[in-house]
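I have placed the structure first, in the form of structure tokens, so that the comments after it can refer back to it.
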Amino acid sequence: MLPRELFELLVEYANCNPKEVVETVSDLLKTIREDSDKYIMELDNLLEEFAEDNDICSVCGNELEFVKDSIAEEYQGSPIGQRICSNGCY
Ligand SMILES: [Zn+2]
């Protein structure tokens, strides 16, 4: 997402209230400047959790497919396998 696209989302989020837009974007910049690595890591974690909760790929947003493990058929009554992205992300 380009800065302009994020900015437009934040303008929408602030209901086009100029003071709120300035406060929101200024606060965002301050937080990122303080520790950009931490900011990226937290956003990354939120994305992973969200994708997992919705059973979709955290890279492309496609639904994950369950692929059964051909060697180990079942474990305690549940089929063994893994969730993979049809787009080949993982
Ligand atoms: Zn994917």
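No lab work stands behind these numbers, since they all come straight from the coordinates. Predicted, not measured: the structure shown is a model, and the values here were computed from it. Here the Cβ positions follow ideal geometry from the backbone for every residue, glycine too, while neighbour counts run over all protein chains shown.
What to note about this one:
- Eligible aspartates and glutamates near Lys19 by straight Cα distance, threshold 17 Å, same-chain separation 8 or greater: Glu8, Asp27
- In terms of surrounding Cβ atoms within a 10 Å radius of their Cβ, Met41, Met1 rank from fewest to most as Met1, Met41.
- Percent of Cα-Cα distances greater than 12 Å, calculated over segment 1-47: 66 percent
- Using a Förster distance of 25 Å, the FRET efficiency for Leu10-Asp44 (Cβ separation, nearest 0.05): 0.80
- If R0 is taken as 41 Å, the Cβ-Cβ distance between Asn62 and Lys30 corresponds to a FRET efficiency of 0.70.
- Loop-located GluC sites (Glu not before Pro) in the chain (DSSP state other than H, G, I, E, B) with a sparse environment of at most 13 neighbouring Cβ atoms within 10 Å: Glu73.
- Amide H to amide H, with H built 1.01 Å from N, Ile80 comes under 5 Å of Asp69, Glu74, Tyr75, counting only residues 5 or more places away or on other chains.
- Spin-label model distance (nm) - Met1 vs Ile80, 7 Å beyond Cα toward Cβ: 4.0 nm
- P(r) weight above 15 Å for the chain, C-alpha pairs, percent: 73 percent
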